[in-house]
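Quick note: the coordinates plus some simple rules give every number you see, no bench work behind them. In this text, all values refer to a predicted model and were calculated from it rather than measured experimentally. All Cβ positions, glycine included, derive from the backbone under ideal geometry; neighbour counts span all protein chains shown.
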């Protein structure tokens, strides 16, 4: 390598490192705060003797609902991801491969786009009234269904993009072999879609896990998810910074786990839509 | 692609049914319900709602609502500024990195981190760091002799502080998309440019940018849509204040419905918001059509 090029490469690495530090340091900051006594946080001490008192209180004290919140988040994210992935994959397949009439395809894709562009908050009030009228106000059902429909456009697009990588010829071959349409889908298409399903599923789970606005409006104490609980620590009359930091740290775990296990999948999912 | 399975129609209907059902019951019906609510006063008694017709009263009031107007203005400003900065930063960083370092897994994991984090956690992080009394930002400023500021509590700084959080949150996303786009460009074009000793700025404006245009447009549109929905960070950091300095559309609607309990008026505000969005979409599509017609 010529010296000038080596300097350029060094500068690039420096830029990348700086950017990475800018991204990482705030996370380090809140994780550190979760191990500080409240007094160390509010005195702004950089050097502190670590404590697990906030985690202990969040997880094991009688007055804390955090484990309940955690289970709520997990359940809602899991069920809504399953529903959303099923409806999205089947829908994308029907739109792309099953000779769906053009007007219906345009109507569904156009509505997806329009709905996705509209701020969720515009529908939340209406959802609240409708669910409450059928006796499902502030229920898990309401939360699961709304999280499902919120992510449906994304599931439809992503699975559509992954589907386009599955050659039509394989389906035609299956048909020649007297394979019915359902069997073609389950035995030929679905196995080939596995990486796409994993990538999309991981993203949908994270979107639901992270969702705050709708969960805030449609839950009560027993059905509240982690972000709603976290906001409460930060909004209470006397702020609980330590508890807030500890709750934030714990709420990062699922995404971190997915990140470690499936970086490639996540990148594929996130970039799929933009590049196709 | 005519494949004549006898049972095709049934299978197609079955495959589309969940999607259509979700959309009809949870998006179309709520929009119609919203329209009905916007001309009514809705109150609750014993778990049942009572509606009384009030006509266009709510809708007429939206236009004069100073808070909502501030919200629309602030949301547009927030989206424009923060998305522009993200695009510029993300693209520059991707350009710097694309040649030498192949996006190794470790870098990717770092830059994926903020994208995957709950917005509310992002808010919590910055609430700690922005704090006027003990926040690390004021501490660092103090080391350099600068005076402490109330980052989220002062009318001049609050919006800029929110924008800074959003830039921090989403620049990595733009970066990853741009990097993926750059790395999928055909290398031959750039080799040819090198052989011709094309200066770097000409390579950028004549080759890279035109080739990257589709990725740039998609990322821009996607980020703008997300920016218009901003809520979580505002809720935690400023609640729209001080005054209306950081009031945004989603927060106005939330407050009207769930803090003030004005369902009828909230519905009217929601409907007006939807119409504004629809107008922006029509404008954008028009613009796109006009650009596409123009000879390159």
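For this structure, a couple of remarks:
- Taking the C-alpha atoms only, the angle from helix A:102-117 to the longest principal axis of chain A is near 10 degrees.
- In this label model, residue A:102 and residue B:77 are separated by 4.6 nm, measuring between points 7 Å along each Cα→Cβ vector.
- FRET E, pair residue B:184, residue B:60, Förster distance 51 Å, beta-carbon r, rounded to 0.05: 0.50
- Between residue B:284 and residue B:201, full extension at 0.36 nm per residue minus the direct alpha carbon distance yields a gain of 26.9 nm.
- Residues in the range A:246-264 reached by a label modelled at residue B:134 [backbone nitrogen below 15 Å; 7 Å Cα→Cβ]: A:246
- A:187, B:169 arranged by Cβ crowding within 10 Å, fewest neighbours leading: A:187, B:169
- The range A:4-46-the range B:213-253 distance, computed between alpha-carbon centres (Å): 25
- Per-residue Cβ neighbour rank within 10 angstrom, fewest leading, B:150, A:177: A:177, B:150
- Rounded to the nearest 500, the helix-only mean residue ellipticity at 222 nm of chain A stands at -25500 deg cm²/dmol, with each DSSP H run of n ≥ 4 adding -39,500 (n - 2.57).
- Cβ-Cβ distance of residue B:32 and residue A:43, R₀ of 41 Å, FRET efficiency by 1/(1 + (r/R0)^6): the value works out to about 0.15.
- Chain A: angle of helix A:140-163 to the longest principal axis, Cα-based, in degrees nearest 10: 60
- Going from the residue with the fewest nearby Cβ atoms within 10 Å to the one with the most, A:96, A:56, A:238 rank A:238, A:56, A:96.
- Label-point gap, in nm, between residue B:88 and residue A:173 - each point 7 angstrom along Cα→Cβ: 5.3
- Between helix A:121-133 and chain A there is an angle of about 80 degrees, using the helix long axis and the longest principal axis of the Cα atoms.
- The simple Förster model, with R0 at 22 Å and r as the Cβ-Cβ distance, assigns residue A:256 and residue A:29 a FRET efficiency of 0.85.
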